[in-house]
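Just so it is clear, none of the values below were taken in a lab; they were calculated from the coordinates. Not measured: the values here are computed from a predicted model. Virtual Cβ from ideal backbone geometry, glycine too; neighbours counted across all protein chains shown.
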Amino acid sequence: MYRANVKDLRLQLTEQQDRIIDYITIGITDLLNSITWYWIGAFLVLSALISIQLYLHLSNRMHILRRESEQRREKITNWLTTLDFAQKQKDLLDSRSPDTGTWLLNSTEFSDWLFGSEPALWLNGIRKYLLDLLVENEGQC
């Protein structure tokens, strides 16, 4: 009888040890999983912050490069000529009579071309003024 009790006690002790080992294993696994998710979350936040910082840096750099390019273009243009193109164009547009080119905009040939029933529009005359007229009246066509 004594031997049976010892055997039963050893069996119970082994089962309890197995359960304790299972609980410890589950606890360690849960802890490692939570630590892993914590680090994954921290990594994602850090990655997002680095991406934002990089985007802002590149955007700022592109803005600076664009501004430098415009300044170089303006410097070269000023070196080539001192003529103020914007003022010259404004003066030419202001010197036109208000009805200049309306005959073209009101013509059936232009309407046919504009709405696609004619593949081409033949223009005779000074094309620069005709193109200015078309661009100026683009929203009205």
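Can you tally the net charge around ASN60? Count Lys and Arg as +1, Asp and Glu as -1, for every other residue whose Cβ sits under 12 Å from the Cβ of ASN60. Net of charged neighbours comes to +3. Spin-label model, ASP84 to SER69: label points 7 Å out along the Cα-to-beta-carbon direction sit 2.7 nm apart.
3J(HN,Hα) along segment 16-23: 5, 5, 4, 5, 4, 4, 4, 4 Hz, from the Karplus curve 6.51 cos²θ - 1.76 cosθ + 1.60 with θ = phi - 60°, whole Hz, x for Gly and Pro.
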